[in-house]
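Heads up: the structure comes next, in structure tokens.
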Amino acid sequence: MFRPAAPFQYQGEVPPGASAAAAGRDARARKVLWASQFIAGKGWLGMAIRVTVWNEFRHEKKNERVRAVYPDGMHVPIAGALREAGYEVRTATLDEPDHGLSEEVLEQTDVLTWWGHMAHGEVRDDIVARVQRRVVEGGMGLIVLHSGHMSKIFRALMGTTCMLKWREAAERERLWLVEPSHPIARGLPESFELEHVEMYGERFDIPAPDELVFVSWFQGGEVFRSGCCFHRGRGRIFYFRPGHETFPIYHHPMVQKVLANGVAWAAPTGGPANNFGNKKPLEALPGRS
Ligand code: ZN
């Protein structure tokens with residue numbers, strides 16, 4: 001397997017020779033980030049939140065450019081960041097039996113993160129149904145990343161095409177936090193920039209989000225609803241846009257912070273289980289025996 005000469009290390013979004021303004025923006029973002037404390041990684045009743053980081057893990061095996069950025073797969077830096085934030089983390093990938101998502105694994109998962117792109121069609125329909133059930137009935141949180149917008153599971157939960165505009169031109173993205181009181185906003189600045197990204201543009205064909213947390217602006221002129229929260233049954237879903245496979249987005253500390261906050265928000269709340277069906281009255285109904 002191809003390995004770069006040295007292990008990949010995050011060097012900032014600013015490439016050598018970039019403008020002083022770009023370097024300043026990156027430095028300011030880091031200062032704000034490290035001034036805030038990581039959340040404790042605990043859910044209701046003080047139990048550790050259990051996260052499964054799912055990755056299609058195909059681009060990394062097929063493309064040297066992607067391997068240079070994510071030599072062990074992009075699930076590795078995502079899982080590492082979430083572990084550092086205090087969560088109990090495991091990973092799962094498409095080519096494992098049951099895509100690594102057995103009933104048992106899902107039962108032990110509070111929040112599932114999902115990255116896929118080139119092999120959405122290879123995800124088995126019965127596994128998609130299993131994940132959907134676990135979200136809607138079991139209350140598992142789901143964080144859908146970047147090109148996961150076209151995954152079977154996201155489209156099933158949204159009920160729309162989930163299509164959008166895109167362009168791969170390594171342009172700048174500025175993410176604006178438009179809901180500062182939202183739990184996902186904890187410790188984050190009003191806006192932050194990613195220097196080189198793939199553009200996603202509106203219209204993004206999703207139902208209106210229950211809560212919109214981030215809106216992105218792109219250098220080329222488009223805008224995008226890049227942080228969207230949904231409630232489906234007992235479960236919570238957070239779609240977060242950044243994360244193209246050829247850019248080191250998941251090594252970026254601000255992105256990692258959003259993911260850590262997203263897990264805390266999406267984790268099950270410990271609310272009551274579903275209780276449906278025909279019921280006897282709780283109080284006596286006058287005139288009825
Ligand atoms: Zn992409």
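ALA273 passes all but one of (1) free of Cβ contacts under 8 Å to residues at least 60 places away in the same chain; (2) part of a strand (DSSP E or B); which number fails?
(2)
Determine the pairs where a residue that is farther than 22 Å from LYS152 by Cα, located within the stretch 239-256, has a partner that is of a type in the set (Gly, Ala, Ser) and in a loop (DSSP other than H, G, I, E, B) with Cβ atoms under 7 Å apart, the partner being 6 or more residues away or on another chain.
ILE249/GLY243; TYR250/GLY243
Going through the stretch 157-193 one residue at a time, which ones are exposed (fewer than 15 other Cβ atoms within 10 Å of the Cβ), in contact with a Pro (Cβ under 8 Å, 6 or more places away or on another chain) and farther than 21 Å from GLY141 by Cα?
GLU190
Looking at ILE237, ILE206 in this structure, which one is in a strand (DSSP E or B) and more than 25 Å from TYR70 (Cα to Cα)?
Of ILE237, ILE206, the one residue that is in a strand (DSSP E or B) and more than 25 Å from TYR70 (Cα to Cα) is ILE237.
Pull out all pairs, ordered by first then second residue, where Cβ-Cβ is under 6 Å, the residues are six or more apart or on different chains, the first lies in the stretch 116-138 and is of a type outside the set (A, V, I, L, M), and the second is surrounded by fewer than 19 Cβ atoms within 10 Å (Cβ to Cβ) and not in a loop (DSSP other than H, G, I, E, B).
Correct list of pairs: HIS120/MET150; GLN132/ALA156.
Of everything in the stretch 106-126, what is surrounded by fewer than 19 Cβ atoms within 10 Å (Cβ to Cβ) and away from the ligand (no atom under 16 Å from the Cβ)? Give them in sequence order.
Those that are surrounded by fewer than 19 Cβ atoms within 10 Å (Cβ to Cβ) and away from the ligand (no atom under 16 Å from the Cβ): GLU107, GLN108, GLY121, GLU122, ARG124, ASP125, ASP126.
No value in this document is a laboratory result; all are computed from the given coordinates. Note that the structure is predicted; figures quoted are calculated from it, not measured. Cβ: placed from backbone, ideal geometry, glycine included. Neighbour counts: every protein chain shown.
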